[in-house]
Amino acid sequence: MLLRTSFFSAALWATALMAVPARSQTAPAPVDFEKMTWVEVKAALDQGRTTALIFNGGTEQRGPQGTNGAHTLVAHEVGIRIAAKLGNAILAPVVPYSLNNANPALPGTIGISGPLFASLNEEVAEQMIRNGFKNVVLLGDHGGGQQQLREVAAKLDAKYSAKGIRVVYCGDVYAKVGKDFDQWLEDNHLPVGAHASIKDTSELLYLGGDSGWVRKEEIPDAVGDPVRKPGEPRDPNAKRVNNGISGDARRASVEIGRKVVDMKVDYAVAQIRQLLGPASTGTQQ
């Protein structure tokens, strides 16, 4: 009886061990600097993951439906995906402020000045270089600050390139994606918008629709001031909504958000590889 019980217990124990998943040898490498230990960062650098992504988010009103930290939330998630796809990159903590200015009528914005924004990015980039990164990529999810990022990258690249260290600006993740996505909206007979419109709201639905990033109950009424084309004068007879939306977000969807995010990741990876060369950006496709 004892032998039978022992055998039965051993069998149960063996079954339990089989049910415990073994530590995967192919688990994705950590790419989020702020969630890594210094030991893990050092090991990553030793393994050749020497490209640092400095992604700038922003804190601003996003209409009645979008949370104020949307730029930062999106930049973090998109940055993680870019780093993983590059194969040798790590995302630095996302900068949560951009060129902007608070507005008491729509109190959701915390902005900083252009010089401060540029200095902040310059110092963070140099800190990442001091940590041992050989490539630094500056990116921004907000329109304000793109020129400053370009200038900082050029300045630091001139300073460090002779030492084998590159600092580059990835603008396609913002400008090219915005232009091409607007064309996609037109081609699919959807309203082209600007701030807090269909593009921005769809991103939030896709990345954080179930995590409190967007107020879904507000989307059926998420229409704001009409979008003007460049150089087009404001219609003096048009009634201002002034709810923080430029355009119409009522047809936002998870599927559209997925397309926007995929474009951001693909465009950024392609440009970073083009700027730094395949030898500097890994080979993962």
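Points to keep in mind about this one:
- Pairs linking a residue in the range 54-76 that is surrounded by fewer than 24 Cβ atoms within 10 Å (Cβ to Cβ) to a residue that is of a type in the set (Phe, Trp, Tyr) and part of a strand (DSSP E or B), with Cβ atoms under 8 Å and 6 or more positions apart or on different chains, are His76/Phe55.
- Close pairs (6 angstrom Cβ cut-off, 6 or more residues apart or separate chains): within 21 Å of Leu99 (Cα to Cα) and free of Cβ contacts under 8 Å to residues at least 40 places away in the same chain in the range 140-167, not basic (Lys, Arg) and not in a helix (DSSP H, G or I) anywhere: Gln146/Gly140; Arg150/Tyr169; Ala153/Leu138; Ala153/Val167; Ala153/Val168; Ala153/Tyr169; Leu156/Val167
- For the criterion of being in contact with a strand residue (DSSP E or B) (Cβ under 7 Å, 6 or more places away or on another chain) and buried (at least 16 other Cβ atoms within 10 Å of the Cβ), Leu205 passes.
- Any hit, the range 182-195, residues being among the hydrophobic types (A, V, I, L, M, F, W, C), touching a helix residue (DSSP H, G or I) at 6+ places or on another chain (Cβ under 7 Å) and assigned to a loop (DSSP other than H, G, I, E, B): yes
- Members of the range 109-125 that are surrounded by 16 or more Cβ atoms within 10 Å (Cβ to Cβ) and part of a helix (DSSP H, G or I): Phe117, Ala118, Leu120, Asn121, Glu122, Val124, Ala125
- Filter result for Val192 (buried (at least 16 other Cβ atoms within 10 Å of the Cβ) and touching a residue at least 12 places away in the same chain (Cβ under 8 Å)): yes
- Subset of the range 204-225 (residues that are in contact (Cβ under 8 Å) with a residue 12 or more places away in the chain, farther than 12 Å from Ala249 by Cα and assigned to a helix (DSSP H, G or I)): Tyr206, Leu207, Gly208
- The numbered conditions (1) aliphatic (A, V, I, L, M); (2) under 21 Å from the mean Cα position of the chain (by Cα); (3) not in a loop (DSSP other than H, G, I, E, B) are all true for Ala154 except (2).
- Any hit, the range 126-142, residues being closer than 28 Å to Val241 by Cα, among the polar types (S, T, N, Q), surrounded by 20 or more Cβ atoms within 10 Å (Cβ to Cβ) and at pLDDT 95 or above: no
- Considered as a group, the residues in the range 81-102 that are surrounded by fewer than 21 Cβ atoms within 10 Å (Cβ to Cβ) and of a type in the set (A, V, I, L, M, F, W, C) include one that is farthest from the chain's Cα centre (by Cα), and that residue is Ala102.
- Options Thr15, Thr26, Thr37; residue that is surrounded by fewer than 21 Cβ atoms within 10 Å (Cβ to Cβ), at pLDDT 95 or above, among the hydroxyl-bearing types (Ser, Thr, Tyr) and out of contact with any helix residue (DSSP H, G or I) (no Cβ under 8 Å at 6 or more places or on another chain): Thr37
- Residue match in the range 235-254 (condition: among the basic types (Lys, Arg), at pLDDT below 95 and assigned to a loop (DSSP other than H, G, I, E, B)): yes
- Looking only at residues of the range 237-254 that are surrounded by fewer than 16 Cβ atoms within 10 Å (Cβ to Cβ) and out of contact with any helix residue (DSSP H, G or I) (no Cβ under 8 Å at 6 or more places or on another chain), we find that the one that is nearest to Gly108 (Cα to Cα) is Asn242.
- Any hit, the range 158-169, residues being over 17 Å from the mean Cα position of the chain (by Cα), in a helix (DSSP H, G or I) and under 20 Å from Arg62 (Cα atoms): no
The values are calculated or read from the model by the stated rules, or taken from the named source; none is laboratory data. Note that this is a predicted model, so its numbers are computed, not measured. Note that each Cβ is placed from the backbone with ideal geometry, even for glycine, and that neighbours are counted across all protein chains shown.
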